[in-house]
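Just below is one structure, and these are the notes that go with it.
The values are calculated or read from the model by the stated rules, or taken from the named source; none is laboratory data. Keep in mind that what you see is a predicted model, and the values were worked out from it rather than measured. Positions of Cβ are backbone-derived with ideal geometry, glycine not excepted, and every protein chain shown enters the neighbour counts.
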Amino acid sequence: MSKANVTLMPVLNPHAAAIDIGSRKHLVCVGPNPDTDVREFDTFTDDLNALADWFIERSVTTVALESTGVYWVPAFEILSARGIKAIVIDSRQTHRAGRPKTDRLDCQWARRLHACGLLQAAFRPDDSICELRGYMRLAGTLIRDLGRCIQHMQKALELMNVKLTEVVDDITGKTGFSILRAILKGERDPQKLARFRNPRCKASEATIAKALHGNWRAEHLFALRQAVDTWDFFQKQLRACERQIEVFLQGMPKKQPDKVLPQRSRPRKLRHNAPHFDARGLLAPILGVDLTAIEGIDDSSALVITSEIGLHVNTFPTEKHFGSWLALAPKAKGSGKRRRDRITPGAQRIAQVLRMAGTSLHNSQTALGAFLRRLKGRIGAPKAITATAYKLARLIWRMLKHGTDYVIQGMAEYEAKFRERNLKALQRKAKHFGYQLVPHPTS
């Protein structure tokens with residue numbers, strides 16, 4: 001957009017300001033005059049309060065902040081507490097190709113766009129949901145740390161040529177951890193170690209004993225002990241984080257306090273990273289619906305979804321807007337242009353959860369499972385998983401928007417409806433070309 005065109009744009013909000021966020025300095029612009037309307041503030045709390053005072057003195061009512069790392073959060077919270085409407089924007093909205101780029105010019109350009117109403121605020125849930133989101137993201141970090149501990153254990157075992165990971169599916173399971181802790185206590189006899197085998201383990205006791213012959217070097221044993229101790233510590237931290245999440249959910253207002261959840265037809269297998277409290281029983285009264293009724297959505301997924309979008313989806317006018325925000329919906333095709341149906345790159349936590357849920361439906365004997373398998377054979381697994389995740393997102397939007405419970409559709413019913421749609425499409429095509437479809441007598 002040229003400078004002349006921007007100058008001619010009507011100013012919708014003359015009391016707008018913009019901040020170019022930094023880790024040490026914030027460049028602030030409150031007006032068109034670069035000499036008097038641009039100032040620099042440090043990022044200390046006292047300086048942010050002085051920034052808010054300057055905004056109030058200059059009659060600023062709304063401020064645009066670029067989402068630079070996490071440096072915008074303190075400024076956003078202080079300005080919001082002082083009654084100034086702060087919005088977070090994507091830096092791509094203020095990108096200017098071929099123009100000089102400095103912090104001073106960036107804040108002036110952002111302020112001009114904001115005054116003309118050309119900046120769109122990024123989604124941010126309520127403060128209470130932000131607190132829950134902070135707990136959930138911390139829990140996610142701890143889970144990733146636990147994954148790194150498993151890698152360190154596996155590395156130490158491989159260096160000692162102890163092939164426990166090759167004969168046991170999960171070294172953090174009952175069999176694996178019993179053997180690891182016995183090794184750290186000083187046991188080296190493979191036969192005695194193999195006796196810790198759980199009866200449900202697929203590998204035989206003889207196979208496990210054969211895999212436990214190793215070169216017990218001191219440095220590798222020390223690394224293994226460090227990894228196991230770190231695992232125990234992170235497990236303790238994760239349990240404390242889960243207790244904090246449980247207490248927070250118990251204090252949240254409930255849409256349907258007396259909502260009764262039906263018993264699951266088949267108990268779901270408890271995963272290692274599943275919360276150690278009844279997340280389903282706490283979330284359903286808060287949301288008014290049971291998200292875990294959807295195939296592929298477990299308690300952990302429902303917690304992540306709630307912590308990222310909140311208790312309602314009123315911010316998104318339609319389910320397509322919601323899917324687009326999650327970067328799951330295909331791009332709209334421009335007129336006169338040939339483009340591939342690619343999604344916008346994104347790293348939304350909800351989108352990652354929904355993709356994992358879609359992947360787990362491969363063997364599901366339901367409509368969603370049949371939908372995934374049909375698309376896999378036609379467009380390949382990656383696109384089919386994304387399309388299934390988009391379908392799950394639309395189901396979640398409808399449940400939260402209208403407060404309706406999810407009804408599982410069977411695979412046979414889905415296949416019958418799919419066959420009926422295809423038959424109607426063939427009949428329309430045949431009629432268009434002057435033909436009539438007649439069923440075969442032997443069919």
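Some observations on this one:
- Selection from region 295-334 of residues that are closer than 21 Å to Thr366 by Cα, of a type outside the set (S, T, N, Q) and within 17 Å of the chain's Cα centre (by Cα): Gly296, Ile297, Asp298, Asp299, Ala302
- When we screen Arg188, Arg243, Arg266 for residues that are at pLDDT below 95, out of contact with any strand residue (DSSP E or B) (no Cβ under 6 Å at 6 or more places or on another chain) and surrounded by 12 or more Cβ atoms within 10 Å (Cβ to Cβ), the only hit is Arg188.
- Condition check for Asn363 on (1) without any contact (Cβ under 8 Å) to a residue 24 or more places away in the chain; (2) under 27 Å from Gly323 (Cα atoms); (3) in a helix (DSSP H, G or I): one failure, at (3).
- Condition met for Gly83 (at positive phi, at pLDDT below 90 and assigned to a loop (DSSP other than H, G, I, E, B)): no
- Cross-chain or 6+ apart pairs with Cβ under 6 Å, region 120-135 first and modelled with pLDDT of 90 or more, then of a type in the set (Val, Ile, Thr) and part of a helix (DSSP H, G or I): Tyr135/Ile245
- Considering (1) under 25 Å from Gly134 (Cα atoms); (2) surrounded by 19 or more Cβ atoms within 10 Å (Cβ to Cβ); (3) more than 31 Å from the chain's Cα centre (by Cα), the lone condition that Glu66 does not fulfil carries the number (3).
- Lys255 being closer than 30 Å to His402 by Cα, of a type in the set (Lys, Arg) and touching a residue at least 40 places away in the same chain (Cβ under 8 Å): yes
- Failed criterion for Gln151 (all others in (1) closer than 28 Å to Phe222 by Cβ; (2) surrounded by 13 or more Cβ atoms within 10 Å (Cβ to Cβ); (3) at pLDDT 95 or above hold): (2)
- Positions within region 160-169 being touching a Gly at 6+ places or on another chain (Cβ under 9 Å) and in contact (Cβ under 8 Å) with a residue 40 or more places away in the chain, in sequence order: Met160, Asn161, Val162, Lys163, Leu164, Val168
- Some residue of region 417-432 being in contact with a Ser or Thr (Cβ under 7 Å, 6 or more places away or on another chain) and surrounded by 12 or more Cβ atoms within 10 Å (Cβ to Cβ): no
- Selection status of Ile143, in contact with a Phe, Trp or Tyr (Cβ under 9 Å, 6 or more places away or on another chain), of a type outside the set (Phe, Trp, Tyr), surrounded by fewer than 17 Cβ atoms within 10 Å (Cβ to Cβ) and over 30 Å from Thr94 (Cβ atoms): yes
- Taken over region 395-443, the criterion of being in a loop (DSSP other than H, G, I, E, B), among the hydroxyl-bearing types (Ser, Thr, Tyr), modelled with pLDDT under 80 and within 30 Å of His312 (Cα to Cα) is satisfied by no residue.
- Ile379 being in contact with a Ser or Thr (Cβ under 9 Å, 6 or more places away or on another chain), in the same structural domain as Leu287 (by TED's automatic domain parsing) and surrounded by 12 or more Cβ atoms within 10 Å (Cβ to Cβ): no
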